[in-house]
Amino acid sequence: MTAPSAPTRRRRLDSAAHTLAVSLRAARRALLATWRALRGTWGRRIATGVAVGLVGVIGAVIGVMLFAHASINVGPFSAEMAVRPSVHGGTEVDIPPLGSLHLDSHRGPLHLKVALGSLDQSRTEALIDNPSAITTAGDRAVDEVVAGVTRLGLRTLGLGVLSALILSALVFRDVRRTAAAGVTALVVTGGSFGVAAATLRPDAISEPRYEGLLVNAPAVVGDARRIADNYGRYAEQLQTIVSNVSRVYSTIATLPVYEPAGNTTRLLHVSDLHLNPSSWGLIRTVVETFEIDAVIDTGDIVDWGSGAETSYVSQIPSIQVPYIYVRGNHDSTAIQAAVARQRNAVVLDNAVTEIDGLTIAGIGDPAFTPDKSESNEATGDNAGPELLTTAGEALATTVRQSKKQVDIALVHDPAMAQPLSGLVPLVLSGHKHQRSVSILPPPAEPTPDPSASAAASPAASAAPAEPLMTTRLMIEGSTGGAGLRGLENEEPTPLALSVLYFDELNELKAYDDIQLGGTGQSNVEMQRNVVGLAPEETPTPTPSAS
């Protein structure tokens, strides 16, 4: 067989190369055509779907922002209700000129705002002429609010969808896309109401946060004892708030305060005044407005503990109720003696006293650090935390030896509180300059002695251990705004104090946390807290104590 010549081989190679090149070009054209087809079809569909969804959501938001409001009558008021998009949700009730109530009623993405506007003349005159009509107004408030919220919800849903339809018609000019945008708006708006309904907390009305003038807080929020006893009944709480606000508006001469229950004891907890002269005026206002029975001061009333500062405590008699005090780490024994000389002051230094049936024990801080250090540093054999623990154990021994059950224990530094766990239901302290409430860990069980266990009688070993009580630790913020050091940060330290409500069994039922903006500021907030209504939170205090 004769081998092909060189020209023949070249022709064959050229032909194969040409065929391969043609095949590659054809495959490339096919791939490009397929890509263009896919990109043109699915890409346009995806882009159109995203655009329709965005237009539907934007239209719904515009409808909610512009039209989601309705007017209703609540008692003697003409109120305006509005819904706004929100991340956190909740409800705000504006009561001009008294302030506003903020309720953690539900989670986002909708925020309900109720603004009490003008009074209806005929309904107001009926309240003034017939005081019993106030109760009737409160009874009707639940039905009026429910009807108003229902009407507002339907209005918001309809107008949100309508706005989305109008906007999509202007943008797309296509019936199918307009309908799709309307469905999107319906799902988004309806889903938002569904989230709000699923996270609804009717009992949040028992724990409102008040913002406004301090003197009006009791009149608007209401009596803590009544709320504590009935916090589970949403309707009664709403009736109470409407009735209280009706009383405020129907009285022309003076603003009323709530009528206290005869068996309720109110204590005002203050701490860490740090020589702030404005603290005394604040304490007097709260004592008079909330009808306080006694003031508890958990120390650091001054800064340096010097003799020149003793004149500061001469304002204590102006409070005109018993003033119970324990020494802080900034207070010297000279300051403690100056407090003891005030006619209404009671100094507790590992001692027990009784106020309005409440048995109170307290002990002063064992360390004296007038240099404004951030920790209690002591010298000697019992230094630092050991010294604080020893003082806490000394107070625990005093509590055990008390002839009557101690209801409240007072210390300055919360590090002294643990030995009191299981012995008292409530420990009050300060020092941290930040408000927090927590439950103390139960005391550690002692290690059993094997020899003692063997010698114990079967009856004694079979006897069940007596359960220990739960001890709540309340750390107060600084009623003096941390003194001059409160101005060292960008935001001044707020002035903080709390009103505690006890029933006839000496049990803590509720407490109001009051906070005023620091030096140079005037905003006021009050948070109502009902004991047992929600799990205790334990905020971590900042290490800015001194």
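The values are calculated or read from the model by the stated rules, or taken from the named source; none is laboratory data. The model shown is predicted, which means the values in this text are computed figures rather than measured ones. Ligands, DNA and RNA are stripped out before the accessible areas are found, and what is left, the full protein with its side chains, is counted by its heavy atoms. Shrake-Rupley method; radii C 1.70, N 1.55, O 1.52, S 1.80 Å.
Points to keep in mind about this one:
- Proportion of all alpha-carbon pairs of region 306-347 beyond 11 Å (%): 60 percent
- Backbone amide hydrogens, once placed in the peptide plane, bring GLY328 within less than 5 Å of ASP300, ILE301, ASP365, excluding anything fewer than 5 places away on its chain.
- Rounded percent of accessible protein surface that carbon and sulfur make up, region 388-444, 1.4 Å probe: 56 percent
- Size of region 149-214 as Cα extents on the principal axes (Å, biggest first): 56, 28, 17
- Working note: Karplus 6.51/-1.76/1.60 with θ = phi - 60° gives region 328-335 the couplings x, 6, 9, 9, 7, 5, 5, 5 Hz, where Gly and Pro are set to x.
- Accessible area expressed per residue, region 280-353, with surrounding protein chains retained (probe 1.4 Å, Å²): 34 Å²
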